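The values are calculated or read from the model by the stated rules, or taken from the named source; none is laboratory data. All values derive from a computational prediction rather than experimental measurement. So basically every Cβ, Gly included, is an ideal-geometry build from the backbone, and we count neighbours across all protein chains shown. Side chains included, ligands, DNA and RNA excluded: accessible areas come from the protein's heavy atoms. Shrake-Rupley method; radii C 1.70, N 1.55, O 1.52, S 1.80 Å.
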Amino acid sequence: MAIDTLVRPDAGAQAGAKVNDFSIAVATANGTGSQTANLTLLRSFFKMGIPVHGKNIFPSNIQGQPTWYHIRVSKDGFVARRPPELLVAFNRDTMHQDVAMLEAGGVCVYNSDLRLNEGRSDLTYYPVPVKELLAGVDVKGKIKEYIANMTYVGVVAHLLGVPLDVIEGALEHHFGKRQKLVDSNFEVVRLAYDWAVANVAKADPYRVEPMNATEGLILMTGNEAGALGAVYGGVSVSGWYPITPSTSFIDALRDFLAKLRHDEDGRPTYSVVQAEDELAAIGMVVGAGWAGARALTATSGPGLSLMAEFLSLAYYAEVPAVVWDIQRVGPSTGLPTRTSQGDVGFAYTIGHGDTKHVLLFPSSIEECFEFGYLAHDLADTLQTPVLVLSDLDLGMNNWMGKPFDYPERPLQRGKVLSAEEVAALGDWGRYKDVDGDGIAYRTLPGNPNPAAAWFGRGTGHDEMARYSESPTDWEQNMARLARKFDTARTLVPGPAIEEEPGAQLAIVAYGTTRYAIEEARAQLAAAGVATSFMRVRALPIGDEVRDFVARHEDLVLIEMNRDAQLTAILRDELPEFAARIRPIAHLDGMPLTAAWVLERLMPFLPEEARRLMEGA
């Protein structure tokens with residue numbers, strides 16, 4: 001079964017060892033079971049204590065099309081996408097273009113049954129005889145196709161120095177108590193590993209060594225973290241309709257609710273309803289919010305478009321609701337399985353007329369969990385819809401993070417009156433601004449005081465919730481809603497700011513663009529170029545955002561959309577500083593890289609800083 005490793009003399013095999021600092025791309029076909037193999041490698045690195053992150057680049061069809069899984073291994077903790085140094089080529093349809101994208105000195109592990117033409121002399125090739133390795137494995141049909149991917153797990157484990165017991169532990173984590181699946185997959189891993197030990201002469205510099213940088217951390221997707229946060233925030237109703245990339249949010253929500261939300265007799269105290277479409281889903285959520293339940297839906301751009309009318313109603317009738325928008329590339333169907341920040345402008349003003357909504361921008365699994373419960377506190381306190389704008393990259397991929405802290409505060413239900421409080425007020429009006437913050441007092445259905453009843457309407461009304469077409473009533477009500485939005489500025493999460501003395505440029509961003517920016521800033525700092533950074537975490541903006549912009553004359557805003565949507569919002573809200581907010585906007589569906597960020601920042605750096613970077 002021996003197959004010689006194909007190594008070109010100039011492939012760079014004698015270069016210095018590159019330990020815990022490389023990127024792997026695994027190229028397979030969608031629907032072939034490669035996700036299990038890829039997650040096994042990812043968790044194995046994690047179990048070795050090495051900072052790691054995986055990105056699944058998959059097609060929008062169900063089966064058969066090319067898919068790539070990128071694993072970033074970084075001793076320094078960087079998790080942004082980086083062009084791969086190592087390629088696992090197990091897809092006949094893309095293997096030649098995948099190999100062509102490798103930089104000189106790269107490594108290609110490939111299925112030798114696919115007969116790759118090793119035409120590049122600057123790469124190291126490791127052919128793997130998959131059919132021969134599986135010949136003695138007692139599985140049949142589709143299962144053998146799925147389990148074939150474990151051959152590259154075994155070979156890569158040998159090449160990089162991943163112990164077999166770590167691989168086995170990762171499989172046990174993946175399959176849980178299904179030991180038969182653990183055993184069948186590990187059998188193939190061991191076969192491939194043993195074959196590689198006997199037949200493959202390592203001729204590349206990449207390897208891993210144990211660290212302790214992941215001690216106390218967890219691996220989780222953003223959708224799972226957000227769903228768990230919502231459960232801790234008291235959610236009990238969800239109306240939803242399936243759409244990529246938000247479906248796994250509801251899948252996780254159902255799983256967590258089934259474990260955590262039931263009465264002492266084991267009966268569920270929640271309801272998750274798959275509606276006939278997104279319009280019905282948001283209608284259920286608004287109805288539940290009006291009744292006093294904490295309710296949410298999860299969707300993406302096309303679904304959010306269908307929800308516009310109900311969200312407009314909830315804004316004007318002042319009904320709490322939470323929407324998780326896991327952003328993907330639009331317009332229209334767009335690229336359903338690619339990531340973006342393209343819904344910001346639409347979500348901020350969704351609905352006709354003068355409408356503005358509270359938006360939250362999580363960037364990590366910790367913030368997904370935090371915003372999972374905070375969104376409901378804000379929706380109840382402000383009596384308005386709150387939209388959490390995550391993205392496909394954060395929502396569907398596994399990220400390292402710290403274990404979540406239990407919420408410190410009890411649920412914040414806001415200005416909800418009891419029967420006794422209604423009686424004490426005497427002249428209670430549903431839309432009356434008693435405190436001057438724009439937030440009126442409300443009652444919930446079931447309040448036994450007859451005076452607590454009110455009519456929730458989307459038509460014109462006065463402060464007593466009576467129908468009105470009076471211009472004065474309309475103008476006063478809209479002015480109060482504007483005051484309430486100004487109150488929201490003081491309640492939403494403030495920005496995360498890192499200010500450096502003598503900074504030569506200030507960078508503003510939001511969401512998952514932070515990771516490429518953080519890595520780029522580290523490279524700038526290493527060359528002696530200081531930068532300041534502000535990550536906006538919510539809209540509307542508060543004084544901290546205004547003050548940061550005011551302090552920095554040289555400022556760029558990086559975002560993943562074509563039209564610089566947040567830039568336009570900040571320019572509109574800070575007209576006196578509009579000229580200094582310069583956009584760097586880009587969208588191709590792929591997460592940003594540090595190299596791309598550095599390239600785009602260079603024209604904005606002072607000449608002295610550019611010279612320092614060129615020297616580095």
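The charge dipole of region 473-556, taken about its Cα centre with unit charges on the Cβ atoms of Lys, Arg (+1), Asp and Glu (-1) only, comes to about 300 debye. Summary value for the chain: 12 percent relative contact order, contacts being C-alpha pairs under 8 angstrom separated by 6+ residues.
Across region 419-491, the convex hull enclosing all Cα atoms gives 100 Å³ per residue.
Using DSSP, restrict attention to beta bridges with both residues in the chain and report what percent are antiparallel, rounded to the nearest 5.
Among the beta bridges of the chain, antiparallel pairing accounts for roughly 40 percent.
In this entry, the chain is assigned a mean projected area of 31.0 nm², taken as a quarter of its C-alpha convex hull surface.
Contact order for region 496-615, expressed relative to its length and based on alpha carbon pairs under 8 Å spaced 6+ residues apart, stands at 31 percent.
For the pair residue 197 and residue 451, the difference between a 0.36 nm per residue extended length and the Cα-Cα distance amounts to 83.4 nm. In terms of overall dimensions, region 220-401 has a Cα radius of gyration and Dmax of 14.7, 48 angstrom. Report the local net charge at residue 602: Lys and Arg +1, Asp and Glu -1, summed over other residues whose C-beta lies under 14 Å from its C-beta. Taking every Cβ under 14 Å from that of residue 602, the sum is 0.
Filter 55/356; 142/180; 144/180; 18/47 down to the pairs with a C-alpha to C-alpha distance above 25 Å, please. Exceeds cut-off: 55/356. Angle of helix 308-317 to the longest C-alpha principal axis of the chain, folded into 0 to 90 degrees and rounded to 10: 40°. Charge tally around residue 106: other residues with Cβ under 10 Å, Lys/Arg +1 each, Asp/Glu -1 each, net -3. Mind pulling the angle between the C-alpha long axis of helix 150-160 and the longest principal axis of the chain? Nearest 10 degrees, somewhere in 0 to 90. Tilt of helix 150-160: around 70 degrees. The protection proxy used here, the mean number of other Cβ atoms lying within 10 Å of each residue, ranks peptides 382-394, 347-359 as follows, highest first: 382-394, 347-359. Along the charge dipole of region 240-368, pointing to its positive end and built from +1/-1 on Cβ of Lys, Arg, Asp and Glu, which listed residue (285, 305, 270) has its Cα farthest out? Checked the options; the winner is 305.
Ignoring ligands, DNA and RNA, please state the percent of accessible area on the chain from carbon and sulfur, probe 1.4 Å. The computed percentage sits at 52. Decide, for region 117-231, between rounded, prolate and oblate: order the square roots of the alpha carbon gyration tensor eigenvalues as a ≥ b ≥ c, take rounded if a/c falls under 1.5, and otherwise choose prolate if a/b is larger than b/c, else oblate. It comes out oblate by the Cα gyration axes.
For residue 97 and residue 416, the difference between the fully extended length at 0.36 nm per residue and the C-alpha to C-alpha distance is 108.7 nm. Note on region 264-341: Cα Rg divided by 2.2 N^0.38 Å, N the number of residues, gives 1.24.
Pick out, from 390, 346, 148, the residue whose Cα sits farthest towards the positive end of the charge dipole of the chain, with +1 on the Cβ of Lys and Arg and -1 on the Cβ of Asp and Glu. Selected residue: 148.
A P(r) calculated from all alpha carbon pairs of region 3-207, with 10 Å bins opening at zero, reads 9, 37, 40, 13, 1 percent. Modelled spin-label separation between residue 427 and residue 611, with each label point placed 7 Å from Cα along the Cα-to-Cβ direction: 7.3 nm. Each other residue within a Cβ distance under 15 Å of residue 462 adds +1 if Lys or Arg and -1 if Asp or Glu, for a net charge of -2. The angle between the Cα long axis of helix 179-199 and the longest principal axis of the Cα atoms of the chain comes to about 40 degrees, rounded to the nearest 10.
Once you have a ≥ b ≥ c as the square roots of the Cα gyration tensor eigenvalues for region 515-598, tell me rounded if a/c is under 1.5, and otherwise prolate or oblate according to whether a/b is larger than b/c. Taking the square roots of the gyration eigenvalues as a ≥ b ≥ c, region 515-598 is oblate.
Using only the Cα atoms of region 77-139, each taken as one equal point scatterer with no solvent, compute I(q) by the Debye sum, divide by I(0), and report log10 of the ratio at q = 0.18 Å⁻¹. These q points yield log10 I(q)/I(0) values of -0.68. Each of 575, 592, 523 was placed along the dipole of region 496-615 (beta-carbon charges, centred on the mean Cα), and the one lying farthest toward the positive end is 592. The modelled label-to-label distance for the pair residue 115/residue 499, using points 7 Å beyond Cα in the direction of Cβ, is 6.6 nm. Taking all protein chains into account, the per residue accessible area for the chain stands at 41 Å² (1.4 Å probe). Taking the Cα centre of the chain as origin and assigning +1 to Lys and Arg Cβ atoms and -1 to Asp and Glu Cβ atoms, the resulting dipole is close to 1140 debye.
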